[in-house]
Every structure is written in structure tokens, then in C-alpha cells.
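Structure record follows, encoded as C-alpha cells.
The values are calculated or read from the model by the stated rules, or taken from the named source; none is laboratory data. What you see is a predicted model; the values in this text were computed from it and never measured. Cβ sites come from the backbone with ideal geometry, for glycine too, and all protein chains shown count toward neighbours.
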Amino acid sequence: MKENFVVVAEVRTMHGKGASRRLRREGKVPAIIYGGKAGPQPIQVSHNELMKHLKIEAFYSHILSIDVAGTTEQAVLKDLHRHPVREEVMHMDLQRVLADVLLRMQVPLHFKGGDIAPGVKVGGGVVEHHVSQVEVECLPKDLPEFIEVDLSKLELNEAIHLSQLTLPADVSLVELKHENDISVVAVHLPRAVVEVEAAPAETSAEVPATAQKPADAAKTGDAKKDDKKK
């Protein structure tokens, strides 16, 4: 069952950088909700409550209920501006959704079966993740919280591409619309093993005199002098 996220917000009347700084000092996050059939609406939300939501992965790819002064709107999280050092959200963008209009969202990939994949368990390979999320297009009611990727049958040097993902009904991948069937995950030998196998074999030929170290060259010269004396 999908979780129901409710974000309680207030209409934001203060604008500008100075006003935003004051809001943050009061424990609020300046935000905006836009799209749909209404104009952009500046709002503000509790920073503490928002941080609780952000700890749950599904919040990022879920239809959210935004309660603005008692009126509820459906929206998705489109952007977060975080502080570069502190664990603090500086600003949030929300986009309204309409039931009959397609939307595009980034959805996380959940990988399973990597530990029992033949390429890992028998072939000695390691799992290499190329992407951790994909952009999907669908109606709001069909938006998945995540897409599962089964690695349990992956052999050594095999990969899973976008076109091989199992998608829910009525959900499509944006990249495939552009014929960009990229690799999502693969199983390869560890880099160190590959480098060792590719290294040239050592030869047993004598080292030329010109390549000898000074000490070795001196020993060779002394040996030649002893032969002349004999």
C-alpha cells in the first residue's frame, strides 16, 4: 500500500532574500507550488516536519497532498535547494498534478538478487550500478514509488538495459523515447583481477649491458679483466 504524505503549508506573504532568512530563523522553509490550472503560489512549511518526510525515500516519487490554509492540492516534489554544509533545506519547489495529464518524474531503482547472480556467486564478478534512478512518464495514478531490478540471473560480463526493465502498466521510460537504451547495471570481474590478467608475461632474457645498473656494469668489467689476466 502506498503511503499518504500530507504536507501542511501556509500562504507566504513575505518575499525576498531578507524575508526568506527570517523565515528560516523561525524554523520555516520558503517554498512555491506551481503548475496545473492555477498560478504560482508562494508558501511556507515547517522545516522539522519537512525533514521527517525527506527521510522516507517514497516522498521523492509520490503524489503529495499539500494542505494550504485548509485547501488540499495534489503535487509532486520537483526541486530542493539544500544548504551546502548544514543539514538544512533552503527552498522547495512543488508542481501541481492533474489526474488526466501525463507527468514526468525521477523514480528510484531497487536492485535485488545481486548476491546470488551466477556472475557473482560462480564467476567471481562484482555488481556495477550505472544508474540509481530513471525518469518515467505516466498519469499521476500510475506513478510507481520505485522500479525493481532483478539481478538473480545475471552472468559474468552481462548487463541489464533500460529496455529490459519490468515496468508497471501504463508507465514508460523517457530515455527510451529518445532511443537511448543505456545500461542500468552489469556484472564484471574486479578491476584488479582484469589488470593482472592483462599484464604481459615476464621474460627470462639477459639484461643488455646498456640497461645494467652501474654496480652491475662494474662487476662485468672486472670479470673481463680477470679473463685477460688468465
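Checked against the criterion of being of a type in the set (A, V, I, L, M, F, W, C) and touching a Cys at 6+ places or on another chain (Cβ under 8 Å), the candidates L103, L109 yield just one match: L103.
Would you confirm, using the coordinates I've provided, whether V101 is within 20 Å of Y60 (Cα to Cα) and more than 22 Å from the chain's Cα centre (by Cα)? Yes: the conditions hold for V101. Look at (1) touching a Ser or Thr at 6+ places or on another chain (Cβ under 7 Å); (2) part of a loop (DSSP other than H, G, I, E, B); (3) free of Cβ contacts under 8 Å to residues at least 24 places away in the same chain; (4) not hydroxyl-bearing (S, T, Y) and you find that L176 fails only one, number (2).
Quick check on segment 20-35. Is at least one of its residues of a type in the set (K, R), in contact (Cβ under 8 Å) with a residue 60 or more places away in the chain and buried (at least 17 other Cβ atoms within 10 Å of the Cβ)? Looking through segment 20-35, at least one residue is of a type in the set (K, R), in contact (Cβ under 8 Å) with a residue 60 or more places away in the chain and buried (at least 17 other Cβ atoms within 10 Å of the Cβ). Between V149, V89, the distinction of being surrounded by 16 or more Cβ atoms within 10 Å (Cβ to Cβ), assigned by TED's automatic domain parsing to the domain that holds L50, in contact with a Leu (Cβ under 7 Å, 6 or more places away or on another chain) and among the β-branched types (V, I, T) belongs to V89 only.
Taking segment 43-152 and the strands (runs of 3 or more DSSP E) fully enclosed by it, the elements with 2 or more residues that are in contact with a Lys or Arg (Cβ under 7 Å, 6 or more places away or on another chain) and within 30 Å of R191 (Cβ to Cβ) are at 147-150. Within segment 4-29, the residues that satisfy the criterion of being of a type in the set (V, I, T) and either touching a Pro at 6+ places or on another chain (Cβ under 6 Å) or over 18 Å from H83 (Cα atoms) (or both) are V6, V7, V8, V11, T13. The residues of segment 164-173 that are polar (S, T, N, Q) and in contact (Cβ under 8 Å) with a residue 24 or more places away in the chain amount to a single one, S172.
Pairs meeting the criteria (first residue in segment 148-163 and more than 15 Å from Q133 (Cβ to Cβ), second residue charged (D, E, K, R), beta carbons under 8 Å, at least 6 apart or on different chains) are D150/K112; L151/K112; S152/K112; H161/D181; S163/D181. Selection over segment 95-136 of residues that are in contact (Cβ under 8 Å) with a residue 12 or more places away in the chain, farther than 17 Å from A75 by Cβ and of a type outside the set (V, I, T) gives a count of 19. Please tell me if V68 is hydrophobic (A, V, I, L, M, F, W, C) and either surrounded by 13 or more Cβ atoms within 10 Å (Cβ to Cβ) or more than 30 Å from E10 (Cα to Cα) (or both). Yes.
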